[in-house]
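The block underneath contains the structure these notes are about, expressed in structure tokens.
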Amino acid sequence: MNPRRLLSLLAPAALAALPFAAMAQTAHVHVHGQLRLEVAIEGPTVIIDMDSPLDNFVGFERAPKTDAEKKTADDAIAQLRAADQLFKIDPSANCKLGPVTLRSAALGLGKAQGDAAEGHADLEATFAFNCTNAQATKFIDIGLFDAFKATRQIDARIAAPQGEFKRTLKRPATRLSWTR
Ligand SMILES: [Zn+2]
């Protein structure tokens, strides 16, 4: 077989492998206990995107096996869906919880965007709040440390009418604020 023919045979395989290579590059090494939040105040909504090691919520990073693990997962999912208990937005914004989307391949939730490093798994979520005065939001009281004992640090980015901010919240602090 001449080299050119070999190349033409290999090319489709190389192309097919590309998406996986791209996924491998975006997979990040997460740190248990830490999670990331992106808060965006847009029009009448406050949107909170969360990216976290699954371990933070259930204590494992694979599909639940035992009844106890299944209950742990169900409880965590129920707590995350009741997001107005986890994220208490500045009352002056007058927000109500809207759609909550949870994504975790290990828990069979939604379409997870590629997996974390081998042996690890993430949970991603989007929490949408509908507000009558979203632009007035100056802080969010966060209940994640109370609800999930394994969590200890939140790295947050906030896109607010006042600008863009980065904040780190460490247990036991609970208030995420970005203005003085
Ligand atoms: Zn992990």
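Where a number appears in this text, it was derived from the coordinates with a stated rule and is not lab data. Just so it is clear, the model here is predicted, and its values are computed rather than measured. Glycine also receives a Cβ, built like all others from the backbone with ideal geometry; neighbour counts cover every protein chain displayed.
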May I ask you to work out the translational diffusion coefficient for the range 26-180 at 37 °C, viscosity 0.692 mPa s, via Stokes-Einstein with Rh from the Kirkwood sum over Cα pairs, reported in whole µm²/s?
208 µm²/s
What is the set of long-range amide H partners of F139 at a cut-off below 5 Å, with H atoms built 1.01 Å from backbone N?
D90
Label-to-label distance, nm, for residues given as D74 and T174 (7 Å Cα→Cβ offset)
2.8 nm
